[in-house]
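Undergrad: Following this message is one structure expressed as structure tokens.
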Amino acid sequence: MPKDRAFDHPVSSEITPRQVVLDRRQLMQGAAALAAMTALPGRSQPARPGKLAPLPAVKTTLAGAQTMDKPTPYAEATSYNNFYEFGTDKADPARHAGTLKTQPWTVVVEGEVSKPGRWDIESLLKLSAMEDRIYRLRCVEGWSMVIPWVGYSLAELVKRVEPTGKAKFVQFVTLADRAQMPGLRSAVLDWPYVEGLRLDEALHPLTMLAFGMYGEVLPNQNGAPLRLVVPWKYGFKSGKSIVRIRFLERQPQTSWEAAAPSEYGFYSNVNPQVDHPRWSQATERRIGEDGLLARKRPTLMFNGYEAQVGQLYAGMDLKRLF
Amino acid sequence: MSDGSMTALGRGTLPPDRRPPRIAAGNRWLMHRAAKPLLFVAALGPLAGLVYGIFADTLGANPAETLIRSTGDWTLRFLCLTLAVTPLRQWTSWQALARLRRLLGLFTFFYGVLHFLCFAWLDMGLDLQAIVRDIAKRPFILIGTAALLLMLPLAATSFNAAIRWLGAKRWQTLHRAVYATALLAILHFFWMRAGKNDFAEVAAYAVVLAVLLGWRLWRRFARPANA
């Protein structure tokens, strides 16, 4: 058997002529420059609320990371959210998260990595340049916000711990300490709360490790001292107050999959065409912006990040892998 | 039964078989002319609170959700109060509670209608097609709608003339539909919370309703002599 039979060689007529390739490159460079020009003006960062320690950052240059949507008022973004460790009511986190102790804080990185280890919060804060990014956030319950986060791409950390060839998934384990979190007394979910991403999703530059919002460190109720932000997935995928990051060969089960497998899938990408079994996902209410009698606004595919992340799911049946 | 209040009411001198029905202090309050108007005003309290909240912007970050949920909560609370009238009457000597039952029942229906309107308007934008689709899509919405529709004939026959037209027996049979409403209402609430696996509040209402309905069953079947 000839040595090169293992490879499929294209017939010469199918090879793209050199000039076409060059033209194409030029076109793409032009498009990128245009995108950069339109992306850079962006929306200016909202004024600092002056509640917590400032977390200085530079404006991101990442495409899609600076939405033009109007940021949600700080008061609403910090008083209406789900963080079941502090209670299931959306006002509970703001009410009860005062007991969360965020110093000292350590994140254990383990599993299929060449450099497992423990990272204290100080070293994570210094690991890469902090960026201001403004993301849409869509909750699976049908409401949405626009949050100016401070942090950097999770990929920065992933690169440093060097996943092995076996690593295909990343699991995020969040804090579960009864002494600090009154909600753990309830059996609503199996604690600790765990979430997961495919490695390529974790490496996508939009996937963010956030340490702050609105130019200041994260309030406890929003997942201090560090949390995940995956803007094209329903909010519950973005674990708060992370203590452990595990690199795995097999797809891990997430807390919501375990609690209601028919309602919450591993991917949980924002998708107006795939309804939650119990309600439509076609529209959403923008908190703090849409009036009481305003029509709900249409939900966008991948929460409006299709151009950036659509290729991650090419060829996948998103109805089945919801 | 205690008869401690007898002498206080000045009826202690009559022989036991000649005594008029005992009137407990609670009954005197309930028989007062102002009792019904007071209850009426109090029952409008939750609505007043919500309307105030809309204008004072105190309904939280998602006022629509607060309105939908609060009106639902109040429907369930008034349903419990309505169903508590008869058992309370039997447990205590406050016979006059019966006077307030209709008012409480009608307020249950009133808050149920508000609950539906909030859903239809604030959640569905009064889009009739969307409402119908949603009722078909979400079993818990279907159950809630059924619970409300089941209250409609009860509300429509709540006045005295309707009792005469129907005859007391048929009227009473019809109004037993409230038990089905109670079961549907708690199922609606359970199903709504099932997705979040959060049943603490559902359980509280379920226990109250189970006691109120269970008491009736017990009287009917376990103690036939006293029924």
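The values are calculated or read from the model by the stated rules, or taken from the named source; none is laboratory data. This one's a predicted model, so the numbers in the text were calculated from it and none came from an experiment. Counting neighbours? That spans all protein chains shown, and the Cβs are built from the backbone with ideal geometry, glycine included.
Undergrad: Is it the case, given these coordinates, that residue B:161 is in contact (Cβ under 8 Å) with a residue 12 or more places away in the chain and surrounded by fewer than 15 Cβ atoms within 10 Å (Cβ to Cβ)?
TA: It is false that residue B:161 is in contact (Cβ under 8 Å) with a residue 12 or more places away in the chain and surrounded by fewer than 15 Cβ atoms within 10 Å (Cβ to Cβ).
Undergrad: Also: Quick one: which of A:244, A:227 is away from chain B (no Cβ under 14 Å), among the charged types (D, E, K, R) and in contact with a Pro (Cβ under 9 Å, 6 or more places away or on another chain)?
TA: Going through A:244, A:227 in turn, just one is away from chain B (no Cβ under 14 Å), among the charged types (D, E, K, R) and in contact with a Pro (Cβ under 9 Å, 6 or more places away or on another chain): A:244.
Undergrad: Filter the range A:85-99 for residues that are closer than 15 Å to residue B:60 by Cα and surrounded by fewer than 19 Cβ atoms within 10 Å (Cβ to Cβ) and give the result. Spell out how you get there, then give the answer.
TA: Taking the range A:85-99 as the starting set, the residues that turn out to be closer than 15 Å to residue B:60 by Cα are A:89-95.
Matches in the range A:85-99: A:89, A:91, A:95.
Undergrad: Now, a different point. If only one of B:178, B:207, B:211 is modelled with pLDDT of 95 or more, closer than 23 Å to residue B:90 by Cβ and exposed (fewer than 12 other Cβ atoms within 10 Å of the Cβ), which one is it?
TA: B:207
Undergrad: Which one of these does residue B:59 not meet: (1) surrounded by fewer than 16 Cβ atoms within 10 Å (Cβ to Cβ); (2) outside any helix (DSSP H, G or I); (3) not aromatic (Phe, Trp, Tyr)?
TA: (1)
Undergrad: To continue, here is another question. With the requirement that a residue be farther than 18 Å from residue B:175 by Cα and touching a Ser or Thr at 6+ places or on another chain (Cβ under 9 Å), what does the range B:93-112 give you?
TA: B:93, B:111
Undergrad: Mind checking which pairs have a first residue in the range A:77-93 that is more than 8 Å from chain B (Cβ to nearest Cβ) and a second that is among the charged types (D, E, K, R), Cβ under 7 Å, 6 or more apart or different chains?
TA: Note: pairs meeting the criteria are A:81/A:90; A:82/A:90; A:83/A:240; A:86/A:92.
Undergrad: Here is a follow-up. Based on what the data block shows, is residue A:85 at pLDDT 95 or above, within 19 Å of residue A:228 (Cβ to Cβ) and in a strand (DSSP E or B)? Write out each step before concluding.
TA: Working: at pLDDT 95 or above: yes; within 19 Å of residue A:228 (Cβ to Cβ): yes; in a strand (DSSP E or B): no.
Taking the combined requirement at face value, the residue does not satisfy it.
Undergrad: Test residue A:224 against the criterion of being in a loop (DSSP other than H, G, I, E, B), more than 13 Å from the chain's Cα centre (by Cα) and in contact (Cβ under 8 Å) with a residue 60 or more places away in the chain, and give yes or no.
TA: yes
Undergrad: Have a look at A:268, A:255 and point out the one that is farther than 19 Å from residue A:146 by Cβ, within 14 Å of chain B (Cβ to nearest Cβ), in contact with a helix residue (DSSP H, G or I) (Cβ under 8 Å, 6 or more places away or on another chain) and modelled with pLDDT of 95 or more.
TA: It is A:268.
Undergrad: Examine the range A:260-274 for a residue that is surrounded by fewer than 24 Cβ atoms within 10 Å (Cβ to Cβ) and outside any loop (DSSP other than H, G, I, E, B), and state whether such a residue exists.
TA: No; the residues of the range A:260-274 include none that is surrounded by fewer than 24 Cβ atoms within 10 Å (Cβ to Cβ) and outside any loop (DSSP other than H, G, I, E, B).
Undergrad: Now a separate question. For the range A:288-314, how many residues meet the condition of being facing another protein chain (nearest Cβ under 8 Å) and either more than 13 Å from residue B:63 (Cα to Cα) or modelled with pLDDT of 95 or more (or both)?
TA: The number of residues fulfilling the criteria is 2.
Undergrad: Within the range A:48-58, can one find any residue that is modelled with pLDDT under 95, under 17 Å from residue B:59 (Cα atoms), over 20 Å from the mean Cα position of the chain (by Cα) and part of a loop (DSSP other than H, G, I, E, B)?
TA: no
Undergrad: Still on this structure: Here are the criteria: (1) within 11 Å of chain B (Cβ to nearest Cβ); (2) of a type outside the set (Phe, Trp, Tyr); (3) out of contact with any Lys or Arg (no Cβ under 9 Å at 6 or more places or on another chain); (4) not in a helix (DSSP H, G or I). Tell me which single one residue A:285 does not satisfy.
TA: Result: residue A:285 fails condition (3) only.
Undergrad: If residue B:64 satisfies all but one of (1) out of contact with any Lys or Arg (no Cβ under 7 Å at 6 or more places or on another chain); (2) within 14 Å of chain A (Cβ to nearest Cβ), what's the number of the condition it fails?
TA: With (1) out of contact with any Lys or Arg (no Cβ under 7 Å at 6 or more places or on another chain); (2) within 14 Å of chain A (Cβ to nearest Cβ) applied to residue B:64, the lone miss is (1).
Undergrad: Show the residue pairs meeting these rules: Cβ distance below 9 Å; 6+ apart or different chains; first residue within the range A:165-194 and assigned to a helix (DSSP H, G or I); second residue β-branched (Val, Ile, Thr).
TA: What qualifies is A:182/A:99; A:183/A:88.
Undergrad: Taking interchain pairs and intrachain pairs at least six residues apart, which have beta carbon atoms under 9 angstrom, with the first residue in the range A:103-117 and closer than 28 Å to residue A:220 by Cβ and of a type in the set (D, E, K, R) and the second part of a strand (DSSP E or B) and at pLDDT 95 or above?
TA: Every condition considered, the pairs that remain are A:110/A:117; A:110/A:244; A:110/A:245; A:110/A:246; A:110/A:247.
Undergrad: Then there is this: Considering (1) in contact with a Ser or Thr (Cβ under 9 Å, 6 or more places away or on another chain); (2) surrounded by fewer than 21 Cβ atoms within 10 Å (Cβ to Cβ); (3) more than 14 Å from every other protein chain (Cβ to nearest Cβ), say which one residue A:168 fails and leave the rest.
TA: Evaluating residue A:168 over (1) in contact with a Ser or Thr (Cβ under 9 Å, 6 or more places away or on another chain); (2) surrounded by fewer than 21 Cβ atoms within 10 Å (Cβ to Cβ); (3) more than 14 Å from every other protein chain (Cβ to nearest Cβ) leaves (1) as the failure.
Undergrad: Further question on the same structure: Does the range A:121-148 hold any residues that are farther than 27 Å from residue A:76 by Cα and either within 14 Å of another protein chain (Cβ to nearest Cβ) or not in a helix (DSSP H, G or I) (or both), and which are they?
TA: Once the filter is applied, which keeps residues that are farther than 27 Å from residue A:76 by Cα and either within 14 Å of another protein chain (Cβ to nearest Cβ) or not in a helix (DSSP H, G or I) (or both), the range A:121-148 yields A:127, A:128, A:129.
Undergrad: I'd like the full set of residues that are within 25 Å of residue B:213 (Cβ to Cβ), within 14 Å of another protein chain (Cβ to nearest Cβ) and not in a helix (DSSP H, G or I), limited to the range B:73-132.
TA: Matches in the range B:73-132: none.
Undergrad: Sort out which residues of the range A:144-176 are charged (D, E, K, R) and touching a helix residue (DSSP H, G or I) at 6+ places or on another chain (Cβ under 7 Å), and write them in order of number.
TA: Listed by number, the list holds a single entry, A:168.
Undergrad: Got a sec? Which of B:146, B:130 is surrounded by fewer than 19 Cβ atoms within 10 Å (Cβ to Cβ) and in contact with a Leu (Cβ under 6 Å, 6 or more places away or on another chain)? Steps first, please.
TA: On the way: B:130 fails: in contact with a Leu (Cβ under 6 Å, 6 or more places away or on another chain).
Result: B:146 is the single residue among B:146, B:130 that is surrounded by fewer than 19 Cβ atoms within 10 Å (Cβ to Cβ) and in contact with a Leu (Cβ under 6 Å, 6 or more places away or on another chain).
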